[in-house]
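Chemist: Dropping a structure here in structure tokens format, bear with me for questions.
The values are calculated or read from the model by the stated rules, or taken from the named source; none is laboratory data. Since we're looking at a predicted model, the values are computed, not measured. In this analysis, Cβ positions are derived from the backbone assuming ideal geometry, glycine residues included, and neighbour counts consider all displayed protein chains. Just the protein is used for accessible areas: all its heavy atoms, side chains included, with ligands, DNA and RNA removed. Shrake-Rupley method; radii C 1.70, N 1.55, O 1.52, S 1.80 Å.
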Amino acid sequence: MTYRELEKMVIDSLAGIYGYQEARSIQKILFEDFLQCTPASYLLIRDTEPSPQFGDQVINALGKLKQFTPIQYVTGFSTFCGFRLKVNAGVLIPRPETEELVKAIVQYCGGQKKIKILDIGTGSGAIAISLSLLLPHLEVDASDFSSDALAVASSNAETLNAGVQFFHNDILQRESWSQMGSYNLIVSNPPYVKQSERASMHPNVLEYEPSVALFVPDDNPLLFYTAISEFALEKLLPGGTLWFEINESEGKAMHSLLTSCGFVNIVAMNDFRGKQRFISATKQIDNQ
Ligand code: GLN
């Protein structure tokens, strides 16, 4: 059997579950990742026979994909801002929306020198590592309460040569704040999906991604945002900025929270799907 025939077999066996288009793109990611080749170099071998090991890898992956395991957990990698990040079930798969948050921060920080950034709840390290690589003159720290996540994030930083410093820290525990320094910019994409939103979510998210990185109680959806805003009041330098990814239904509540904490220049931004997904705010200079 050639690669081309194996392609068809993979697509046919996934199309019933994922639809043809999605099955085709999963097959492409799978082959390119397992072979570590570009689409152009793949064309050169497409009509040759794959090794038995490649066949076994594909069969094994198909079993997982049929059980709705996300493709990124099957290959063990995800691409974020053009960087190849290792992921496993201990971290959330970075989302394309979050790339927009990174781009907005890169644009904001572009001309500035000597800024110190903190990413809270870094997970795979996606935000912190991308910022550090895209803004190599800036200092980037990152924290997470999960040691499994920190292991993934530091391995990604090492592989990609990103000089991020990691802290094991639970932002909800105020006593742990003292180990952290001061920052010019704090960013976070904390858990924000309400338990009641579970019903509308896909099994590949619900059954495989870490619930602790996703869900918040319906009666306290801003749990992490409240803690991080209070942390930012203490740890942001005057004139420093706070950047969040948010639940699209919490824009107004976030605006009130940031206003009541005394932040100014509050700006909400939409994601590429047109949903209110990000918010940034500035710590007043005369607060100090
Ligand atoms: N955007 C993610 C999702 O839709 C949620 C990320 C988060 O909770 N911070 O699954």
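Chemist: Per residue, what volume in Å³ does the convex hull of the Cα atoms of segment 37-112 enclose? Each step should come with its number before you reach the end.
Modeler: Working: hull volume 10.5 nm³, N = 76.
That works out to 138 Å³ per residue.
Chemist: Using 0.36 nm per residue, how much length does the chain from residue 223 to residue 256 gain when fully extended, once their Cα-Cα distance is taken away?
Modeler: Working: separation 33, 0.36 × 33 = 11.88 nm, distance 1.41 nm.
Value of the extension gain: 10.5 nm.
Chemist: Using 0.36 nm per residue of separation minus the Cα-Cα distance, give me the extension gain between residue 68 and residue 41 in nm, one decimal.
Modeler: Additional length available on full extension: 6.8 nm.
Chemist: If I take R0 = 30 Å and measure r between the Cβ atoms of residue 25 and residue 234 in this structure, what FRET efficiency does the formula 1/(1 + (r/R0)^6) give, to the nearest 0.05? Intermediate values should be presented prior to the final figure.
Modeler: Values: r = 45 Å, r/R0 = 1.49.
E(calc), rounded to 0.05, equals 0.10.
Chemist: With unit charges on the beta carbon (Lys/Arg positive, Asp/Glu negative), name the residue among 112, 129, 92 whose Cα is farthest towards the positive pole of the charge dipole of segment 1-152.
Modeler: Of 112, 129, 92, it is 112.
Chemist: Indicate, rounded to the nearest 5 percent, the antiparallel portion of the DSSP beta bridges found entirely in the chain. Mind dumping the intermediate values first?
Modeler: Details: 15 of 36 bridges.
Counting only bridges with both partners in the chain, antiparallel ones make up about 40 percent.
Chemist: I would also like to ask the following. In angstroms, what radius of gyration and Dmax does the chain have, counting Cα atoms only?
Modeler: Spelled out, the Cα radius of gyration and Dmax of the chain are 20.8, 71 Å.
Chemist: Efficiency by 1/(1 + (r/R0)^6): what FRET value for residue 114 and residue 248, r their Cβ-Cβ distance, R0 = 45 Å, to the nearest 0.05? Spell out each step's value before the answer.
Modeler: Details: r = 35 Å, r/R0 = 0.77.
Once the sixth-power term is evaluated, E becomes 0.85.
Chemist: Could you give the accessible area per residue of segment 48-204, probe 1.4 Å, as a whole number in Å²?
Modeler: Numbers: 7170 Å² over 157 residues.
Here the residues of segment 48-204 average 46 Å² of exposed surface.
Chemist: Also, I was wondering about something else. Can you give the Kirkwood hydrodynamic radius of segment 106-199 from its Cα pairs, in Å with one decimal?
Modeler: 13.9
Chemist: Taking every eigenvalue of the Cα gyration tensor of segment 168-263, multiplying by 5 and rooting it, what semi-axes result, largest first, whole Å? Mind showing how you got there, number by number?
Modeler: On the way: eigenvalues 136, 51, 24 Å².
Value: 26, 16, 11 Å, ordered largest first.
Chemist: What full-extension length gain, to one decimal in nm, is calculated for residue 32 and residue 285 as 0.36 nm per residue of separation minus the Cα-Cα distance?
Modeler: Working: separation 253, 0.36 × 253 = 91.08 nm, distance 5.03 nm.
Length difference between fully extended and current span is 86.0 nm.
Chemist: How large a share of the accessible area of segment 1-151, in percent, is made up of carbon and sulfur atoms when the probe is 1.4 Å and the other protein chains stay in place?
Modeler: Details: 4000 of 7200 Å².
Percent of accessible area from carbon and sulfur atoms in segment 1-151: 55.
Chemist: Between their Cα atoms, which of 86/116; 235/283; 116/283; 194/283; 103/283 are more than 18 Å away from each other?
Modeler: Details: 86/116 25 Å; 235/283 10 Å; 116/283 15 Å; 194/283 28 Å; 103/283 21 Å.
In this structure, 86/116; 194/283; 103/283 lie more than 18 Å apart at Cα.
Chemist: Given a Förster distance of 22 angstrom, what is the FRET efficiency for residue 13 paired with residue 49, based on the Cβ-Cβ distance and rounded to 0.05?
Modeler: Values: r = 20 Å, r/R0 = 0.89.
Calculated transfer efficiency: 0.65.
Chemist: Enumerate by residue number the trypsin sites (Lys or Arg not before Pro) in segment 210-288 meeting two conditions: DSSP loop (anything except H, G, I, E, B), and at most 16 other Cβ atoms within 10 Å of the site's Cβ. Write out the running numbers ahead of the final one.
Modeler: Values: sites: 235, 252, 273, 275, 277, 283; in loops: 273, 275.
Of the trypsin sites (Lys or Arg not before Pro), the ones in loops of segment 210-288 whose Cβ has at most 16 other Cβ atoms within 10 Å are 273, 275.
Chemist: Let me ask something additional. Along the Cα→Cβ direction, 7 angstrom out, place labels at residue 200 and residue 4. What is the inter-label distance in nm?
Modeler: Those two pseudo-labels are separated by 4.4 nm.
Chemist: Which residues does a label at residue 145 reach in segment 155-177, if reach means a backbone N under 16 Å from a point 7 Å past the Cα toward the Cβ?
Modeler: 167-177
Chemist: Continuing with the same structure: Arranged from highest to lowest average of other beta-carbon atoms within 10 Å per residue, in what order do the peptides 202-209, 254-261, 70-77 appear?
Modeler: Values: 202-209: 14.8, 254-261: 16.8, 70-77: 18.6.
My ranking of the peptides, most packed first, is 70-77, 254-261, 202-209.
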